[in-house]
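The values are calculated or read from the model by the stated rules, or taken from the named source; none is laboratory data. Because the structure is a prediction, the values reported are computed rather than measured. With ideal geometry, Cβ positions are generated from the backbone for all residues, glycine too; neighbour counts draw on all protein chains shown. Quick note on the areas: whole protein, heavy atoms, side chains included, nothing else; ligands and nucleic acids left out. Shrake-Rupley method; radii C 1.70, N 1.55, O 1.52, S 1.80 Å.
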Amino acid sequence: MLKIAFHPIYRHYLPAGHRFPMEKYELLSEQLLHEGTCSHPNFFEPEIPNDKYILAVHDPEYYYDLVNLTLNQRTARKIGFPLSRTLIEREIRITDGTIKASEFALQHGIAMNIAGGTHHAFTNRGEGFCMLNDQAIGARYLQHKGLVDKILIVDLDVHQGNGTAEIFQNDDSVFTFSMHSKSNYPFKKETSNLDIALENDTNDSAYLNLLKDTLPNLIAQQQPDFIYYLCGVDVIKTDKLGKLGLTLEGCKARDRFVLEQCKLNQIPVMCSMGGGYSPDIKTIIDAHANTFRLAQNIYF
């Protein structure tokens, strides 16, 4: 069974006019249920994880300043959200969703988190709507438990996974691959194990050809025990915060190829949704829903 992390707290209320489409999380879960892609047993509610799993990735001073709402103003401003106890609880539960989904992926081949993909969270700071790096924490959790050794992070969000790259910069057990917009945020890029920077308006065929030339060889070279897939849909041409040129079908073909490669190689994969900022919320929901539809079709 496809297991999906979701909690009502994922739908956090922001000030009117905020550019982050927080409502997408609730709408996505409702859409998956409405169309029959998923049923209620597919979903599980994340809890509050033990701090030690978060502190295996994040600096204690930063983490406890975040929890206690005592971050300095400059650090807090870079996160991009008005900080509150509810927002921090939300982030912590998202992290637990990814931890538990990682375990479900080992059991079922794949599992997903309706939120997550917080790849701009560094060891000691957050930025770009990210506070705790959920997939990095999940990776450390699996390794700490002795469940996997080698991990591959496939980050196909339109923005470079700069925080993830920093966290694992000196760790050969986690290979970071980011394929992103060259001229987009973050404007100061970190160095992943493999970075592919794409020109503005890269279309479906160019994007997919590059991915197909890269991912199978990368899997063969690294031979990971586990894959984290960050499947942001901000690669679509209509996205307000993206600069690439993919269609909705091109984004779906991207997801299909990645998931088929994981299935073909019998490597468990955990998916976090990442970004999506198209003006029409229906476009965002459909693009994200495609990832879940494909997971059901390919695996179950």
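Okay, residues lined up against (1) surrounded by 20 or more Cβ atoms within 10 Å (Cβ to Cβ); (2) at pLDDT below 95; (3) hydroxyl-bearing (Ser, Thr, Tyr):
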site	(1), (2), (3)
HIS7	yes, no, no
PHE20	no, yes, no
LEU32	yes, no, no
GLY36	no, no, no
SER39	no, no, yes
ASN50	no, no, no
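Answer yes or no as to whether LEU87 is hydrophobic (A, V, I, L, M, F, W, C) and within 20 Å of LEU194 (Cβ to Cβ).
In short, no.
Can you tell me how many residues in region 169-181 are among the charged types (D, E, K, R) and surrounded by 14 or more Cβ atoms within 10 Å (Cβ to Cβ)? So that I can check it myself, show each step before the final result.
The initial filter retains those residues of region 169-181 that are among the charged types (D, E, K, R), namely 171-172.
Subsequent filtering for residues that are surrounded by 14 or more Cβ atoms within 10 Å (Cβ to Cβ) retains 171.
So the count comes out to 1.
Restricting region 252-300 to residues that are polar (S, T, N, Q) and open to solvent by 50 Å² or more (accessible area, probe 1.4 Å), which is nearest to ASN209 (Cα to Cα)?
Taking region 252-300 and keeping what is polar (S, T, N, Q), we get 261, 265-266, 272, 278, 283, 290-291, 296-297.
Going one step further and asking which of them are open to solvent by 50 Å² or more (accessible area, probe 1.4 Å), we end up with 265-266, 297.
Values: ASN265: 20, GLN266: 23, ASN297: 23 Å.
Filtering region 252-300 for residues that are polar (S, T, N, Q) and open to solvent by 50 Å² or more (accessible area, probe 1.4 Å), the one nearest to ASN209 (Cα to Cα) comes out as ASN265.
If a residue has to be open to solvent by less than 30 Å² (accessible area, probe 1.4 Å) and without any contact (Cβ under 8 Å) to a residue 40 or more places away in the chain to count, how many in region 9-18 make the cut? Quick ask: steps written out before the conclusion?
If we filter region 9-18 for residues that are open to solvent by less than 30 Å² (accessible area, probe 1.4 Å), which is where we start, we get 9-10, 12.
Keeping just the survivors that are without any contact (Cβ under 8 Å) to a residue 40 or more places away in the chain gives none.
Qualifying residue count for the region: 0.
Show the residue pairs that are 6+ apart or on different chains and have beta-carbon atoms under 9 Å apart, the first residue being within region 75-100 and within 19 Å of ASN50 (Cβ to Cβ) and open to solvent by less than 10 Å² (accessible area, probe 1.4 Å), the second being in a helix (DSSP H, G or I) and among the small types (Gly, Ala, Ser).
Matching pairs, first to second residue: THR95/GLY138; THR98/GLY138; ILE99/GLY138.
Among the residues of region 137-183, how many are part of a loop (DSSP other than H, G, I, E, B) and closer than 21 Å to TYR207 by Cα?
Qualifying residue count for the region: 8.
Would you tally the residues in region 131-163 being under 21 Å from THR75 (Cβ atoms), of a type outside the set (Asp, Glu) and open to solvent by less than 10 Å² (accessible area, probe 1.4 Å)?
Adding up the residues that qualify gives 9.
Filter region 182-236 down to residues that are over 30 Å from VAL148 (Cβ atoms), among the hydrophobic types (A, V, I, L, M, F, W, C) and surrounded by 15 or more Cβ atoms within 10 Å (Cβ to Cβ), then give me how many there are.
Taking region 182-236 first, the residues over 30 Å from VAL148 (Cβ atoms) are 182-185, 187-188, 199-206, 209, 236.
After this cut, where a residue has to be among the hydrophobic types (A, V, I, L, M, F, W, C) as well, the list is 187, 206, 236.
Retained after the next criterion (residues that are surrounded by 15 or more Cβ atoms within 10 Å (Cβ to Cβ)): 206, 236.
Selection size over region 182-236: 2.
Yes/no per residue for (1) of a type in the set (S, T, N, Q); (2) farther than 30 Å from ASP255 by Cβ; (3) touching a Gly at 6+ places or on another chain (Cβ under 6 Å):
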| site | (1), (2), (3) |
| --- | --- |
| GLU26 | no, no, no |
| ASP59 | no, yes, no |
| TYR62 | no, yes, no |
| THR98 | yes, no, yes |
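With the checklist (1) farther than 28 Å from THR283 by Cβ; (2) of a type outside the set (Phe, Trp, Tyr); (3) in a helix (DSSP H, G or I) in hand, flag the one item HIS58 doesn't pass.
So HIS58 meets the others, but not (3).
Out of (1) polar (S, T, N, Q); (2) surrounded by 15 or more Cβ atoms within 10 Å (Cβ to Cβ); (3) farther than 22 Å from SER192 by Cβ, what's the single condition that is false for ASN113?
(3)
Out of (1) assigned to a helix (DSSP H, G or I); (2) open to solvent by 10 Å² or more (accessible area, probe 1.4 Å); (3) under 30 Å from THR37 (Cβ atoms), the odd one out for ASP65 is which?
(3)
Count, please, the residues in region 237-251 that happen to be touching a helix residue (DSSP H, G or I) at 6+ places or on another chain (Cβ under 7 Å), open to solvent by 40 Å² or more (accessible area, probe 1.4 Å) and under 15 Å from SER181 (Cα atoms).
Qualifying residue count for the region: 1.
Residue by residue through region 86-100, note down the ones that are under 16 Å from PRO8 (Cβ atoms) and among the charged types (D, E, K, R).
Correct list: GLU89, ARG90, GLU91, ARG93, ASP96.
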